[in-house]
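The values are calculated or read from the model by the stated rules, or taken from the named source; none is laboratory data. Keep in mind it's a predicted model, so treat the numbers as computed, not measured. Reconstructed Cβ throughout: ideal geometry from the backbone, glycine too, with neighbour counts over all protein chains shown.
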Amino acid sequence: MKVFTLASELKSIQQENPTQKIAFIPTMGALHQGHLSLVRASQQEDCLTVVSIFVNPLQFKNPLDLDKYPRTLDADLQELANVGTDIVFTPTVEEMYPPQVENVVVDLGSLDEKFEGAFRPGHFHGVVQVVYRLFKYVQPQVVYFGEKDLQQCLVIEQLIQQVFPTIQMRRIATMRESSGLAMSSRNVRLSDEGRKTAPALYQSLLQIIENRKSLCSAVATETERLTQLGFDVEYLSCVSLPYLDDVPCDFFASIIDDSPRPKCAVLVAASLDGVRLIDNQVF
Ligand code: AMP
């Protein structure tokens, strides 16, 4: 496994492997099995796998959150080598944001104003800028993103459509602990008690889907339940894809099961022990 810190070093990948497909997986490190599932998925496609590790300051509104973001580079490199990653790119902030590079402009409609965009102003602007630069440097044919960050997937799909139309996007299902808790780099910050409570988030998503014929009352019941458990719920909503429009209360009651309908998702963001967790379930 090669480890590069300079964008210029990445040029050798294209030169040395002119016929091989390049698969790219951007991460912020503190890797867990969820991240590694993206690497494994890329290997099913017989690609040269490039993983980046870069904690992107531009996508954190709160400097404290950026400071607290776990950094475990040595362990990450070991894990990536174990699963057979070909190249790891670990640039510095200066390497990613040289003064002469201009920001890209992508029309996200209202996608970056809702949910994560509303609670983390500027977050998707930061995501788009860093992913744009990474795509330019790595020049992948295929990219892998986790459905755990569903809204991010939709934003990246817009970036690809508008700026990199030849790149293929693969969305990979969320890896969960056996408790149902979505794996996340932030889970290590939960207390023992928090670890026991946190799986309630996923249970709430499943309950809402189960009781979708009374959608608004199901959402209200689950919001109340999570609040009672000590979560500070930022949003818990049922939306249609790909624009994350709110689904009306009577939508599922008014359609016959299995009749064609847009894909929907239940989205949640809530803090527990001061740790902000997000999850979603598409159905
Ligand atoms: P991050 O390091 O949080 O930026 O995540 C890097 C990539 O891993 C993103 O595409 C995430 O959506 C994906 N990812 C994070 N957690 C999971 C998970 N539990 N299952 C699958 N993919 C994940």
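General remarks:
- Among the numbered conditions (1) in a helix (DSSP H, G or I); (2) among the hydrophobic types (A, V, I, L, M, F, W, C); (3) over 29 Å from G274 (Cα atoms); (4) away from the ligand (no atom under 16 Å from the Cβ), the only one that L64 does not meet is (3).
- The one condition in (1) outside the structural domain of A41 (by TED's automatic domain parsing); (2) among the charged types (D, E, K, R); (3) farther than 24 Å from R71 by Cα that D112 fails to fulfil: (1)
- Test: residue in the stretch 137-156 that is out of contact with any Asp or Glu (no Cβ under 8 Å at 6 or more places or on another chain), modelled with pLDDT under 95, crowded, with 20+ Cβ neighbours inside 10 Å and over 23 Å from V50 (Cβ atoms): no
- Residue within the stretch 84-93 that is within 28 Å of L181 (Cβ to Cβ) and either more than 16 Å from the ligand (Cβ to nearest atom) or part of a helix (DSSP H, G or I) (or both) present: yes
- G180 being on the phi > 0 side of the Ramachandran plot and at pLDDT 95 or above: yes
- Filtered residues of the stretch 235-246 (kept if out of contact with any Asp or Glu (no Cβ under 9 Å at 6 or more places or on another chain) and more than 16 Å from I208 (Cβ to Cβ)): Y243, D245
- Boolean, V128 is away from the ligand (no atom under 11 Å from the Cβ), hydrophobic (A, V, I, L, M, F, W, C) and either in a loop (DSSP other than H, G, I, E, B) or surrounded by fewer than 21 Cβ atoms within 10 Å (Cβ to Cβ) (or both): no
- All positions within the stretch 148-202 that are of a type in the set (V, I, T), near the ligand (Cβ under 9 Å from one of its atoms) and not in a helix (DSSP H, G or I): I172, T174
- Remark: pairs (first residue in the stretch 185-207, crowded, with 19+ Cβ neighbours inside 10 Å; second residue part of a helix (DSSP H, G or I); Cβ separation under 6 Å; 6+ apart in sequence or on different chains) = S204/E222; S204/L226.
- Members of the stretch 11-29 that are more than 7 Å from the ligand (Cβ to nearest atom) and under 24 Å from the mean Cα position of the chain (by Cα): K21, I22, A23, F24
- Qualifying positions in the stretch 210-251 - crowded, with 18+ Cβ neighbours inside 10 Å, of a type outside the set (K, R) and in a helix (DSSP H, G or I): L215, A218, V219, E222, T223, L226
- Residue within the stretch 112-130 that is within 29 Å of E9 (Cβ to Cβ) and touching a strand residue (DSSP E or B) at 6+ places or on another chain (Cβ under 9 Å) present: yes
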